[in-house]
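In what follows, a structure is listed as structure tokens, so that the remarks can point back to it.
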């Protein structure tokens, strides 16, 4: 496994992708936390307020020794909870944008976490940087005013399509750094 990825390498990309996603269930996307590397006293991440009033969080964690890829079937099962939906959206956004900073990303499970199957359902997305560094973005949620009862038990936006801005990420990023002839 590669060295830990600095938070500043992963979080601005994820924040921008979530903003470009224009997902109808997520508003007020912002980075938070002060740590420059995973595992500190002030975990850094990206948060988004959901229509339910809950907050979805993707935060930089130390990669657990037993982290392992999750099957597509288990990833779909996890859509019953906000963290699972957020992980699935982040994975879809990375697939669509294909940021040059990263060479791979996969949904992962680890012992004791994940829903609906602890230790089997996705609880994070592992991202490998083009420099070989690794980020492990854990997904959690903070309940809104109605608590768990206010959370949808399925995808509240099943017809959501990734917008053109995300699909053009790779092209627009390369054009921005291209050297004029």
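As an exercise: evaluate residue 43 against (1) closer than 23 Å to residue 168 by Cα; (2) assigned to a loop (DSSP other than H, G, I, E, B); (3) touching a strand residue (DSSP E or B) at 6+ places or on another chain (Cβ under 9 Å) and give the number of the one condition it does not meet.
Going through (1) closer than 23 Å to residue 168 by Cα; (2) assigned to a loop (DSSP other than H, G, I, E, B); (3) touching a strand residue (DSSP E or B) at 6+ places or on another chain (Cβ under 9 Å) one by one, residue 43 breaks only (1).
Starting from residues that are outside any helix (DSSP H, G or I) and within 13 Å of the chain's Cα centre (by Cα), keep the ones in segment 1-29 and report whichever is surrounded by the most Cβ atoms within 10 Å (Cβ to Cβ).
Per the stated criteria, the residue is 26.
Within segment 55-80, which residues are more than 21 Å from residue 2 (Cβ to Cβ) and either surrounded by 21 or more Cβ atoms within 10 Å (Cβ to Cβ) or at pLDDT 95 or above (or both)?
Selection gives 56, 57, 78.
Among the residues that make up segment 103-124, is at least one of them touching a residue at least 24 places away in the same chain (Cβ under 8 Å) and in a helix (DSSP H, G or I)?
no
Could you please give the count of residues in segment 30-39 that are assigned to a loop (DSSP other than H, G, I, E, B) and touching a strand residue (DSSP E or B) at 6+ places or on another chain (Cβ under 9 Å)?
5
The values are calculated or read from the model by the stated rules, or taken from the named source; none is laboratory data. These numbers were taken from a predicted model, which means no experiment stands behind them. Cβ coordinates were reconstructed from backbone atoms using ideal geometry, including for glycine residues, and neighbour counts include every protein chain displayed.
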